Amino acid sequence: VDDLNRPYTGRYLLPLDSNVGKSFSDGNMVYSKTMDDWRIHDGIDITGSIGDNAIAINDGSVTAVYSDALWGEVIEIKHGNGLTAKYCGVKSALQKDTAVKQGQVIGTVVEIPAEKEDGVHVHLEITVDDKTVDPIKALNLMSDSPTSE
């Protein structure tokens with residue numbers, strides 16, 4: 001069985017040392033205060049403040065850095081094993097093809113136009129083999145499961 005939500009081995013970090021303010025909606029529609037409509041939430045929102053440093057969740061290579069009308073400043077990093085992270089609300093000076101190390105500062109937190117009413121945060125989307133998955137599961141961040149060293 002090819003479970004795309006399989007947890008990856010190893011330890012992943014969150015882009016901010018903070019809490020998840022909004023969860024992955026797993027294809028279910030959730031209300032958007034900013035857009036005043038119902039939509040799918042394809043990532044998790046990690047709360048922060050404007051200007052906070054955002055870090056790489058793991059080693060990887062920058063695949064894109066761009067500005068988006070809805071998602072604001074975005075940096076995409078390929079982290080290996082088919083896993084790519086899209087960090088929305090992160091203004092970055094890094095260039096495409098730059099190698100990054102886990103925990104390295106990749107940019108600073110800025111506002112996300114499409115999620116402005118949800119407070120300042122980094123919207124983190126994860127794809128595995130080009131399919132959107134729950135970042136909490138994919139990054140093995142489940143805190144309710146026993147861990148063994």
Discussion item. Could you compute how much accessible surface Arg39 exposes when probed at 1.4 Å, giving the result in Å² to the nearest 10?
Written reply: 80
Worksheet, complete the sentence: With the charge dipole of the stretch 23-124 built from beta-carbon charges (+1 for Lys and Arg, -1 for Asp and Glu) about the Cα centre, the Cα from Val90, Gly43, Ser32 projecting farthest to the positive end belongs to Val90
Practice prompt. Kindly write out, for the stretch 102-115 in residue order, the coupling ³J(HN,Hα) from the Karplus curve 6.51 cos²θ - 1.76 cosθ + 1.60 (θ = phi - 60°), rounded to whole Hz, with x marking Gly and Pro.
Written response: 4, x, 5, 5, 10, x, 10, 6, 10, 6, 10, x, 6, 10
Worksheet item: Can you pull the semi-axes for the stretch 1-111, root of five times each eigenvalue of the Cα gyration tensor, sorted largest first, whole Å?
Response: 22, 19, 13
Worksheet item: What's the Kirkwood radius of the stretch 46-149 in Å, using all Cα pairs?
Response: 14.1
Worksheet item: Toward the positive end of the charge dipole of the chain, about the Cα centre and with charges on Cβ (Lys, Arg +1; Asp, Glu -1), which of Val100, Thr63, Ser23 goes farthest?
Response: Val100
Worksheet entry | Candidate residues Tyr87, Tyr66: accessible-area rank, largest first, probe 1.4 Å | Tyr66, Tyr87
Worksheet item: Per-residue accessible area for Ile40 at 1.4 Å probe radius, Å² rounded to 10?
Response: 80
Practice prompt. Place a +1 charge on the Cβ of each Lys and Arg in the chain and a -1 charge on the Cβ of each Asp and Glu, then give the dipole magnitude about the Cα centre in debye, rounded to the nearest 20.
Written response: 300
Item to complete: Using amide H atoms built 1.01 Å from N in the peptide plane, name the residues 5+ places from Gly43, or on other chains, whose amide H lies under 5 Å from its own.
Response: Ser25
Worksheet entry | Extension gain (nm, one decimal) between Lys33 and Asp130, 0.36 nm per residue minus Cα-Cα | 32.1 nm
Worksheet item: Lysine pairs in the chain 8 or more apart or on different chains: how many have alpha carbons under 15 angstrom apart?
Response: 10
Worksheet entry | Calculated [θ] (222 nm, deg cm²/dmol) that DSSP helices of n ≥ 4 give over the chain, each run adding -39,500 (n - 2.57) | -500 deg cm²/dmol
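The values are calculated or read from the model by the stated rules, or taken from the named source; none is laboratory data. A quick note: this is a predicted structure, and the numbers were derived from the prediction, not measured. Because the Cβ atoms are built from the backbone with ideal geometry, glycine has one as well, and the counts that use them run over all protein chains shown. Calculation scope for accessible area: heavy atoms of the full protein, side chains included, ligands and nucleic acids excluded. Shrake-Rupley method; radii C 1.70, N 1.55, O 1.52, S 1.80 Å.
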